[in-house]
Amino acid sequence: MVEWTDFERATIQDIFSKLNYEATGRNALCRCLVVYPWTQRYFAKFGNLYNAAAIMGNPNVATHGTTILHGLDKAVKNMDNIKGAYAELSVLHSEKLHVDPDNFRLLSDCITIVVAATMGANFTPDVQAAFQKFLAVVTAALRKQYH
Ligand code: HNI
């Protein structure tokens, strides 16, 4: 089981209590699709992903970005059993969507960059350490059902 300090728990709750899910989700998924263009292969049905402007203006990308960020709520609410909380979602990404699990780390990095840009000076090294640990635990949980 993952051990969390009081500071880590409080930091994660604080970040998500102040999060703009729509803006953060859209910006993070856009970054992932632009910076790592091979990830676009999973979203063929989303329509025009031709360039960064098209991706930023794509309503399906915006909607899915919000879905992903709300997907993190499951971990925020189950800090002591993130692995169990993501078993079903891991199976979906592995067996139905066939998402290369390395992409979880890439999207997590994009989420971190967007949160850091939003928080500015408040995204201290201690806060970053807690947030990246949180996303690393989520990523490990999403990889768990891959065989
Ligand atoms: Ni992901 C669907 C959460 C990473 C590609 N994804 C979802 C759903 C959630 C979700 C929630 C909706 C499930 C449902 O409909 O029941 N995805 C997450 C989370 C992460 C993540 C929390 C990591 C932080 N997903 C990724 C990555 C990719 C990805 C890295 C590909 C690069 N996800 C998808 C695709 C779908 C999806 C594709 C289906 C979208 C659709 O509408 O068909």
Checklist entry - So which residues in segment 1-18 are outside any helix (DSSP H, G or I) and either among the β-branched types (Val, Ile, Thr) or touching a His at 6+ places or on another chain (Cβ under 9 Å) (or both)? => result Val2, Thr5
Checklist outcome for this item: Checked segment 30-54 for anything of a type in the set (A, V, I, L, M, F, W, C) and either within 19 Å of Lys96 (Cβ to Cβ) or surrounded by fewer than 12 Cβ atoms within 10 Å (Cβ to Cβ) (or both); matches are Trp38, Phe43, Ala44, Phe46, Ala53
Next on the checklist: I need the full set of residues from segment 103-113 which are surrounded by fewer than 18 Cβ atoms within 10 Å (Cβ to Cβ) and of a type in the set (Val, Ile, Thr), in order please.
Outcome noted: Thr112, Ile113
Checklist outcome for this item: Flagged pairs (Cβ under 8 angstrom, 6 or more apart or on separate chains; first in segment 48-62, touching a residue at least 12 places away in the same chain (Cβ under 8 Å); second part of a helix (DSSP H, G or I) and among the acidic types (Asp, Glu)) are Ala62/Glu22
Item to check | Boolean, Gly57 is surrounded by fewer than 17 Cβ atoms within 10 Å (Cβ to Cβ), under 21 Å from Asn27 (Cα atoms) and either more than 12 Å from the ligand (Cβ to nearest atom) or modelled with pLDDT of 95 or more (or both) | outcome: yes
Checklist entry - Of the residues in segment 1-22, how many are free of Cβ contacts under 8 Å to residues at least 60 places away in the same chain and surrounded by 13 or more Cβ atoms within 10 Å (Cβ to Cβ)? => result 3
Checklist entry - If you take the residues of segment 64-102 that are β-branched (Val, Ile, Thr) and either closer than 24 Å to Glu3 by Cα or in contact with a Cys (Cβ under 6 Å, 6 or more places away or on another chain) (or both), which of them is surrounded by the fewest Cβ atoms within 10 Å (Cβ to Cβ)? => result Val76
Checklist outcome for this item: Within segment 56-70, the residues that are assigned to a helix (DSSP H, G or I), out of contact with any Lys or Arg (no Cβ under 9 Å at 6 or more places or on another chain) and more than 24 Å from Tyr86 (Cβ to Cβ) are Pro59
Checklist outcome for this item: Among (1) closer than 23 Å to Trp4 by Cα; (2) more than 13 Å from the ligand (Cβ to nearest atom); (3) in a helix (DSSP H, G or I), Leu135 falls short only on (2)
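The values are calculated or read from the model by the stated rules, or taken from the named source; none is laboratory data. Keep in mind that this is a model prediction, so the values were computed, not measured. Counting neighbours? That spans all protein chains shown, and the Cβs are built from the backbone with ideal geometry, glycine included.
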